[in-house]
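Worksheet for the structure shown next.
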Amino acid sequence: MTESGPQSVPSVPPVLSVWRRHADACVLLDGFHALKHALRFGAEVPVAVAGDRAGALALADELAPDVRERLDGLLAEVAHEAYAGLVARPHPTAVAALAVRPPRAANLAALARTPRRTPVVVLDQPRNLGNAGAVIRLAAGFGATGVVTTGTLDPWHPTVVRGGAGLHFATAVERLEVAELPPGPVFALDPEGEDIRGLKLPDDALLAFGSERSGLSRELRARADHLVALPMRPQVSSYNLATSVAMTLYHWSATGAVPPVS
Ligand SMILES: C[S@@+](CC[C@H](N)C(=O)[O-])C[C@H]1O[C@@H](n2cnc3c(N)ncnc32)[C@H](O)[C@@H]1O
């Protein structure tokens, strides 16, 4: 063999082959906290990597001892460059994983199940991926049954999953047409509605919010049983979408029949 003879092709670490095999069908969990939440709420995670495995396990000791053992079994250390090649923007924890998206049929069954003990949040034609992620995190925190979006935004878009901090697995997240919304009284939030402070929101409510740009659509208004307003000083036009969801879920939890989530 001469000096310029055949060169060996660098081999791909086995964990990266596993990653490639699952990448198209799975959801990216970006960062330690997203992986921690997904594991806590029952996600199936076929592969997880860390640029610094010992550092990630030290974080688990500190912040998530409940899933430490599973992380120990799952996390494979890869070179930082290899990790950075798997994500759009490297996360400070240098952890990434892939999770199997829950079947749509299971989410639709959860959304349709009656009697419903906690509300469904409906985002009517939302535009902003960050808002959608923040709303899913809120819904998970308040133990809402699910988050339904109408319109073109994909609530499982990687940016939404990043904003949701892995909490898509703690509530049922799906996109539907207005005509397909689950049963239940629709309380649609609109500054022209009745003051929320005089209302009790039922546990089986659909709490609907309009788009950042144009508010509630005609179809959603037609399906609404009540229009509800959040207190707001004159001359302020509206609140941010995710902030409105936060106030409304808080009002439901503070005045509703079920005890606050523990
Ligand atoms: C940013 S706002 C939409 C503003 C939009 N320019 C409009 O014309 O309605 C997004 C959504 O948050 C909710 N929202 C914001 N402020 C509210 C308020 N004071 N009372 C009730 N809902 C509100 C509504 O559901 C609204 O459609």
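Computed quantities for the displayed model
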quantity: Pair S214, D154: separation of 7 Å Cα→Cβ label points (nm); calculated: 2.3
quantity: Candidates per GluC sites (Glu not before Pro) in segment 36-138, loop by DSSP, up to 15 other Cβ within 10 Å; calculated: E44
quantity: GluC sites (Glu not before Pro) within segment 109-185, DSSP loop, no more than 10 other Cβ atoms inside 10 Å; calculated: E177
quantity: Helix-only mean residue ellipticity at 222 nm for the chain, each DSSP H run of n ≥ 4 adding -39500 (n - 2.57), per residue, nearest 500; calculated: -10000 deg cm²/dmol
quantity: Extension gain (nm, one decimal) between R20 and E177, 0.36 nm per residue minus Cα-Cα; calculated: 53.2 nm
quantity: Segment 104-255: proportion of alpha-carbon pairs further apart than 26 angstrom, %; calculated: 15
quantity: Residue order, fewest to most surrounding Cβ atoms within 10 angstrom, among V27, V173; calculated: V27, V173
quantity: Convex hull projection area averaged over all views, the chain, Cα basis, nm²; calculated: 18.0
quantity: Shape parameters for segment 14-100, alpha-carbon atoms, Rg then Dmax in Å; calculated: 11.5, 32
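Coordinate-derived values only; no laboratory data. Note that the structure is predicted; figures quoted are calculated from it, not measured. So basically every Cβ, Gly included, is an ideal-geometry build from the backbone, and we count neighbours across all protein chains shown.
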